[in-house]
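K.L.:
Please find one structure pasted underneath; my questions will follow.
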Amino acid sequence: MKNIFVLVTAFVALGFSGCAAFRASVSDVDIEKGDHMRSTYDFRDMRKMTEEVVDEILQDKLLTSATTPPVMIVAGIENRTSRHEDMKGLSDSIRTLLIKSGKAKFVNEARREELLKEQGYQASNATPETQVKIGKQMGAAYMLTGSLMEMESRSAREIRLSRKKINYYKLTIEITNLETGMIDWTTEREFARKASLPLIGW
Amino acid sequence: MHKLGAILRCCFALALMLCQSCATNGINAARANFHLGRFEAAEKSLAEAKVSDKDRVLFFMERGVVRQNAGMYKESAADFNAANLAIEELRTYSISKGAASWVANDQMLSFGGVPFERTLLHAFAAKSYLALGIWDGAAVEARLIDKSLDKEFRDDFPEDAYSRYMAGFCFEMVGDWSGAEFQYRKAAELAEKKGIYIDSKSGSVTLDKETTQDKKPNVQRGELICFVGYGNVPGGRDILANRWPATYSVHAEVYAGEKYLGRSFVLADTAELSFETEQKLAAMKALKTIARIAAKESIAGAIESRNQVLADLARLLLIGILEQPDCRRWETLPRFLSVARIPYSPSDGDLELRFVSIPGVAIKCINLPVQEFVRYNKRVAFARDIVAADGLDK
């Protein structure tokens, strides 16, 4: 009888105290602050590395000494990690910040097909005064490329209740002169993060 | 009070039995349709299947293969990624499921695949990315193949040359020649035991060690790399019972009209991999099974002192019915995984795959569609012989 009383009391207490735990909740997150949930690359890393890379490009003589903003093309950032990360998101962020600075311009290589399609349509169907002129696209002088690589270390096999791992990332960005083929600018950004994950859960 | 406790224990055992009995019916229906070549029906069965949380990995694996064979490469890649993420979550041991497995059987545990299945998961995902021309995605899967074959993750479980070769080819397609060479070399070490030779620099595959020719990767020569699967992996019960068709020599030959272009070489036999895996797991499983039966017997013994009938019922449920081996396996895998690497140019026209037995008799012919994307003058083609022809799978 005593055991049944204890069990019932425990369930009632769980019911009252666990209400919040069993309810779904949603709240906004400050993207500038907050903790990383895992040791792997996440949106905060992308934002931080993007801002640092762009700050460095903007201070380089490649842009500071140019009389007019150079025209660039993004040829892609290679994913050399062991996760399917969105590299286009990273390159888009870099491109957006550079365009907003007013010190670089970009051709829209991803939309070339759509551009040609629209130009072709206008040539056949739009009024002469509203048609865009064919053959006026800007040629890029520089190509922006890069790669994100990853190395992972794990704690050795031993008797333990959690496993530790360290993920190291290095982002390399380079700007290549399309005429000479030379890399006119390059930089690296790296970071490492450690995580301890439980081996046992419910 | 004691009678009430005994009845509650029996009801609990009955509930456990009911919970685990129908978990994979939808998956079984899908497999049956898949093995008859009815991919749409297989996909529909999976869409309608009520799959429990513990069978999520299996569900994604099976659906990934079904979709891949139906040409739904983007969807199949998503399924394989979902399976991989679900497996990562399983690295944390679940106390609740572990406890249930000690009361009922190992089917209460979440299915996470055996080591070679976890490796092939990435090999199949790589195929989807190659078909989509997403070379970076294929290279990510290649790194995951390499990671899964690391001793730390694999222990002493068997590895296969096919996954290594797939990883090597994926590295080749992103221009990582040293990475490709490393994987080809690993594949060569495994394949040589079966009398197949792989050149670590060019990735060419032959039966003649002396003719592993190129000393460096040839990016100029047009090549077609065909990944061919045929036969069907034996089911979990057949593996446990040591019961599947013997190995026999059937290979696939590629023809452009009547012009012979080359042949495939079997780099992995999933029946062999399954059997070797089961052998390694046998001792661990036996110990746990003995301990579990002893625990169940002690439960029945505790009831027996109060009520003989209930004790007999408890024994029937706990030992007679609940004590079942965990036969869950990835059953839409092909039995034989082979690779053909042949010189090719689009002017060769439509290609045909002929399955040939030792005397050179063509058992079956199927079309070999070449994927549209090309890089470094290399193209890929995938073929899977689902419906067993005479001589295959028997």
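The values are calculated or read from the model by the stated rules, or taken from the named source; none is laboratory data. Keep in mind the model is a prediction, meaning the values are calculated, not measured. Every residue, glycine among them, receives a Cβ derived from its backbone with ideal geometry; neighbour counts consider all protein chains shown. Just so you know, the surface numbers come from the protein's heavy atoms only, side chains and all, with ligands and any DNA or RNA stripped out. Shrake-Rupley method; radii C 1.70, N 1.55, O 1.52, S 1.80 Å.
K.L.:
For the protein assembly as shown, what is the calculated [θ] at 222 nm in deg cm²/dmol (nearest 500), taking -39500 (n - 2.57) for each run of four or more DSSP H residues and dividing by its residue count? Intermediate values should be presented prior to the final figure.
P.N.:
On the way: 19 runs with 258 residues, N = 596.
It comes out at -14000 deg cm²/dmol, rounded to the nearest 500.
K.L.:
Another question about this same structure. Where the only charges are on Cβ atoms (+1 Lys, Arg; -1 Asp, Glu), what is the dipole of the protein assembly as shown about its Cα centre, to the nearest 20 debye? It would help to have the intermediate numbers written out before the result.
P.N.:
Numbers: 81 positive and 79 negative charges, 311 e Å.
With only Lys, Arg, Asp and Glu charged at Cβ, the dipole is about 1500 debye.
K.L.:
While we're on this one: In degrees between 0 and 90, to the nearest 10, how far off the longest principal axis of chain B does helix B:56-69 point, with axes built from Cα atoms?
P.N.:
30 degrees
K.L.:
Let me ask something additional. Any chance you could tell me what percent of the C-alpha pair distances in the range B:254-377 go past 23 Å? Walk me through the numbers on the way to the answer.
P.N.:
Numbers: 4633 of 7626 pairs.
That tail contains 61 percent of the Cα-Cα pairs.
K.L.:
GNM, chain B, Cα, under 10 Å: largest mean-square fluctuation among B:Ile196, B:Ile358, B:Ile303?
P.N.:
Looking only at B:Ile196, B:Ile358, B:Ile303, the largest GNM fluctuation is found for B:Ile358.
K.L.:
What number results when the radius of gyration of the protein assembly as shown, computed over Cα atoms, is divided by 2.2 N^0.38 Å? Walk me through the numbers on the way to the answer.
P.N.:
Values: Rg = 29.0 Å, N = 596, 2.2 N^0.38 = 24.9 Å.
Here the Cα radius of gyration is 1.16 times the empirical estimate.
K.L.:
With a bin width of 10 angstrom, please list the P(r) values of the range B:26-88 as percents of all Cα-Cα pairs, from the 0 bin to the one holding the largest distance.
P.N.:
Bin by bin from 0 Å, the calculated values are 27, 55, 18, 0.
K.L.:
Evaluate chain B: find the radius of gyration of its Cα atoms, find its Kirkwood radius, and give the ratio Rg to Rh. Could you put the intermediate results ahead of the total?
P.N.:
Working: Rg = 23.6 Å, Rh = 22.6 Å.
Rg/Rh: 1.04.
K.L.:
Can I ask one more? Write down the radius of gyration of chain A and its Dmax, each obtained from C-alpha positions, in Å.
P.N.:
26.3, 94
K.L.:
Now for a different question. With a 1.4 Å probe and every protein chain left in place, tell me how much accessible area B:Phe227 has, in Å² to the nearest 10.
P.N.:
B:Phe227 has an accessible surface of roughly 0 Å² with all protein chains in place.
K.L.:
Using a Gaussian network model of chain A with C-alpha springs under 10 Å, which one of A:Val26, A:Val107, A:Val132 is most mobile by mean-square fluctuation?
P.N.:
A:Val26
K.L.:
Taking both sides together, what accessible area is buried at the B/A interface, probe 1.4 Å, expressed in Å² and rounded to the nearest 100?
P.N.:
On the way: alone 17900 and 14770 Å², together 30950 Å².
Chains B and A together bury approximately 1700 Å².
K.L.:
Bin all alpha-carbon pair distances of the range A:94-144 at 5 Å intervals from 0 and give each bin's fraction as a whole percent.
P.N.:
4, 17, 21, 20, 15, 13, 9, 2
K.L.:
Right, next: Mind grabbing the accessible area of B:Phe182 for me, 1.4 Å probe, Å², rounded to tens?
P.N.:
Result for B:Phe182: roughly 80 Å² accessible.
K.L.:
Give the accessible area for B:Tyr376 in Å² (nearest 10); use a 1.4 Å probe, count only protein heavy atoms, and leave out ligands, DNA and RNA.
P.N.:
80 Å²
K.L.:
Over chain A, what is the percentage of antiparallel beta bridges among all DSSP beta bridges, to the nearest 5? Present the calculation step by step, with values, prior to reporting the outcome.
P.N.:
Values: 28 of 38 bridges.
Of the beta bridges lying entirely in chain A, close to 75 percent run antiparallel.
K.L.:
For a quick check, take a GNM of chain A with Cα springs below 10 Å and name the residue from A:Ser124, A:Ser101, A:Ser65 with the largest mean-square fluctuation.
P.N.:
Of A:Ser124, A:Ser101, A:Ser65, the most mobile in the Gaussian network model is A:Ser124.
K.L.:
With unit charges on the beta carbon (Lys/Arg positive, Asp/Glu negative), name the residue among B:Gln107, B:Ile145, B:Val174 whose Cα is farthest towards the positive pole of the charge dipole of the range B:36-194.
P.N.:
Of B:Gln107, B:Ile145, B:Val174, it is B:Gln107.
K.L.:
Continuing with the same structure: Which three semi-axes in whole Å describe the equivalent ellipsoid of the range B:145-209, each the square root of 5 times a Cα gyration tensor eigenvalue, listed largest first? Intermediate values should be presented prior to the final figure.
P.N.:
Numbers: eigenvalues 69, 54, 10 Å².
Semi-axis lengths for the range B:145-209 are 19, 16, 7 Å.
K.L.:
At a threshold of 8 angstrom on Cα-Cα distance, excluding pairs fewer than six apart, so keeping six or more, what relative contact order does chain B reach in percent? The partial results should precede the final answer.
P.N.:
Details: 676 pairs, mean separation 76.0, N = 394.
Reported relative contact order: 19 percent.
K.L.:
May I ask what percent, to the nearest 5, of DSSP beta bridges between residues of the protein assembly as shown are antiparallel?
P.N.:
Values: 60 of 80 bridges.
Restricted to the protein assembly as shown, the bridges split so that about 75 percent are antiparallel.
K.L.:
Something else about it: Expressed as a fraction of 2.2 N^0.38 Å, the rule-of-thumb size for a compact globular protein of N residues, what is the C-alpha radius of gyration of the range B:134-174? Can you show the working numbers first?
P.N.:
Working: Rg = 10.5 Å, N = 41, 2.2 N^0.38 = 9.0 Å.
Here the answer is 1.17, to two decimals.
K.L.:
What does the structure give for A:72-78 when I average, per residue, the other chain Cβ atoms found within 10 Å of the residue Cβ?
P.N.:
Numbers: counts 0, 0, 0, 0, 1, 1, 6.
Partner-chain Cβ atoms within 10 Å, mean over residues of A:72-78: 1.
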